[in-house]
Amino acid sequence: MTTILEIKNVDVHYGAIHAVKKINLQLNKGEIVTLLGSNGAGKTTTLHTISGLLTPSGGEILFNGAPIHKMPAHKITSLGLAQSPEGRQVFANLTIRENLEMGAYLRNDKKEIEADLQYVYRLFPKLKERESQLAQTLSGGEQQMLAIARAYMSKPTLLLLDEPSLGIAPILVASIFKAIKEINEQKGMTILLVEQNAYLALSVSNRAYVLTNGEISLQGSAKELLANEEIKKAYLGH
Amino acid sequence: MSQNFIYFLWDCLQYFINGIAQGSLYAMVALGYTMVYGIIRLVNFAHGEFLMIGAMCGFYALRAHLPMPAAILVAMLSSGIIAIAVERLVYRPIRKSGRIPALITAIGTSLFFQYFGQLVFGADPKTIPPFIDEKIYNLGEINVSNVQIAIFCITLFVLLFLFWLTHYTKVGKAMRAVSFNLPAAELMGINTNKIISFTFFLGAALAGLGGMLMGYTMSVEPMMGMNLGTKAFVAAVVGGIGIIPGAALGGFIIGIAENLVAGLYKSSFRDAVSFFILILILLVKPSGILGKNMKEKV
Ligand SMILES: Nc1ncnc2c1ncn2[C@@H]1O[C@H](COP(=O)(O)OP(=O)(O)OP(=O)(O)O)[C@@H](O)[C@H]1O
Ligand SMILES: [Mg+2]
């Protein structure tokens, strides 16, 4: 097993607020790993720090063995690390196709881009139908599909997904998770998934971490965590 | 009476045509205002000074016997380079400090260049000749000059160019993406600082171009940016700030209204007209004629 991402003793502050406290987290190539945690636990902060939108106040982050915690976000993306952010953040003023082109912004391989475009259209046929419409006309669930497809278009080796099921109809959630699983299995992309829907997330994951008040409080294989009493109480509604 | 009325109509048409030519220039300057606002929500009060610096450099290029097209290029590049430097050294460090500090900084920058201009170029007005030999055509009771026609055509061309840029090129689409959501654009791998620099450059280069084309109506002096910048700002707001066609529309409206009022009523009212229109728009539709209702982050 090769490590693709390693977070070592990372602290993140917003001014005086200590949002993430000395966390350690490690991802192996090809895995799907879930980061669980309740509202305000620090999940989005962690993803933003990995992506370079935030800079840690301490610790280091290694991507394929090289430090990335001081790089600007666009540099990190160029190394093959993409994120589908919380709340989708699609470019509402751009068409669906243009959104996907922005995902492929750093690429110049026209033919491959076209092939990847066809791949995400197969994954999410709704996007193809509405290709030339503005992204603001999409429903929440469709925007989520677009956000994932857009992140995919940079052809990353590591994909971060922040709450892809947030506020989305159950039927769409199922198809989104099916797509996540497929991207992981067919394209070999490593995925770090942030979720509050613990059952669904754990059922597609290899391993998981639980974040509580900015600290890693629990970690283990997805199976272990599904059986864990604390997890059941806190996240699975038993 | 009917004879007088016909003369009145001819007059109106003449002022309208003059207004379109003048409005084309306002539009050209307003475009940069609106582009910069669109990308980082900054009202760049120093935009008029970028124009002034470009026109000054163009003036000296002409005095050094460069041909007009080369002088125009010099003007556009000087405006653009000054804009890149100001963005990098002044606006970027305070970009995250909020809107009011940014506004005050922009006003300060504008004042700085007005006095810097007097120091470096002198306060005396300088004249730039029309960029082509002026010929006047008489059409019935009205006069149209080839300079007016050319200015209008150049502005239309610039608008088409900007449309092409923002819809058919990678950098232009990235400009739209950054303007809508900067962090998300950064996540796409877009170097948002570069896109912002490019936007400042492009907007200021158009101001420099406008400054050179203005040679036929006004002289170049260090304080010229204040009046022109204000008109362009009003034009951008009237059309809907942040919206490229809006800036052009606003420019034409201000130019035409000014000329009609100055011609038919009193020329001393010229500068008051734009503010009257501004107040009217802010009362009726604060987001501007082409503006959508304020929902985007402002
Ligand atoms: N921009 C900010 N400024 C100050 N504090 C912030 C900021 N963003 C987040 N925080 C705080 O940091 C902590 C972690 O927030 P974060 O958004 O990472 O949580 P989360 O686990 O993603 O929550 P959710 O499930 O609601 O998305 C919270 O206490 C939050 O209030
Ligand atoms: Mg979150």
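Coordinate-derived values only; no laboratory data. The structure presented is a predicted model; accordingly, all values stated were derived computationally and were not measured. Please note: Cβ atoms are built from the backbone with ideal geometry, for glycine as well, and neighbour counts cover all protein chains shown.
Numbers for the structure displayed
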read-out	value
Bridge type composition, the protein assembly as shown - antiparallel percent by DSSP, nearest 5	60 percent
Proportion of all alpha-carbon pairs of chain A beyond 24 Å (%)	43 percent
Along principal axes, Cα extents of the stretch A:58-151, largest first, whole Å	44, 31, 21
Radius of gyration and maximum dimension Dmax of the stretch A:1-108, Cα, Å	14.9, 42
Likely footprinting exposure, A:LEU172, A:LEU211, fewest C-beta neighbours within 10 Å first	A:LEU172, A:LEU211
Calculated SAXS-style log₁₀ I(q)/I(0) at q = 0.09, 0.12, 0.17 Å⁻¹ - the stretch B:3-284, Debye, Cα scatterers	-0.42, -0.74, -1.41
Which of B:ASN18, B:VAL171, A:SER165, positive extreme of dipole for the protein assembly as shown (C-beta unit charges)	A:SER165
Summed side-chain charge close to A:PHE63 - residues other than A:PHE63 whose Cβ falls under 13 Å, Lys, Arg +1, Asp, Glu -1	+2
Length-normalised contact order for chain B - Cα pairs under 8 Å, 6+ apart - percent	35 percent
Trypsin sites (Lys or Arg not before Pro) restricted to the stretch A:59-122 and DSSP loop, no more than 16 other C-beta within 10 Å	A:LYS70, A:ARG107
B:LYS126 long-range amide H proximity, modeled H, under 5 Å	B:VAL220, B:GLU221
Approximate shape of the protein assembly as shown as ellipsoid semi-axes (Cα gyration tensor, √5λ), whole Å, largest first	54, 24, 20
Cleavage-rule hits, trypsin sites (Lys or Arg not before Pro), the stretch B:209-276, DSSP coil, Cβ neighbours within 10 Å at most 12	B:LYS266
Under Karplus coefficients 6.51, -1.76 and 1.60, residue-wise ³J(HN,Hα) of the stretch B:14-28 in Hz, glycine/proline x	4, 5, 4, 5, 4, x, 5, 5, 5, x, 4, 6, 4, 4, 4
Only Lys, Arg (+1) and Asp, Glu (-1) charged, at Cβ; chain B dipole about Cα centre in debye	1180 debye
³J(HN,Hα), Karplus 6.51/-1.76/1.60, whole Hz, each residue of the stretch A:217-230, x for Gly, Pro	9, 7, 8, x, 6, 4, 4, 4, 5, 4, 8, 6, 5, 4
Long-range HN-HN contacts of A:LEU54 with modeled amide H, under 5 Å	A:THR49
Euclidean distance between Cα centres, the stretch B:1-77 to the stretch B:136-182, Å	12 Å
Pairwise centroid distance, computed over Cα atoms, of the stretch A:28-87 with the stretch A:143-176, Å	16 Å
Cα-centred dipole magnitude for the stretch A:96-144, charges only on beta-carbon of K, R (+1) and D, E (-1), debye, nearest 20	80 debye
Cut-off under 5 Å, modelled amide H: who pairs with B:ALA46 long-range	B:SER110
Dipole moment magnitude, nearest 20 debye, the stretch B:49-147 about Cα centre, only Lys, Arg, Asp, Glu C-beta charged	620 debye
Protection proxy ranking, peptides A:14-24, A:187-197, average beta carbon neighbours within 10 Å, highest first	A:187-197, A:14-24
Residues A:THR2, A:THR137, A:THR77, sorted so that the one with the fewest Cβ neighbours within 10 Å comes first	A:THR2, A:THR137, A:THR77
Eligible lysines near A:LYS22 by straight Cα distance, threshold 29 Å, same-chain separation 8 or greater	A:LYS8, A:LYS43, A:LYS70, A:LYS75, A:LYS223, A:LYS232, A:LYS233, B:LYS96
Most positive-pole-ward Cα, B:ASN193, B:GLY229, B:ILE244, against dipole of chain B from beta carbon charges	B:ASN193
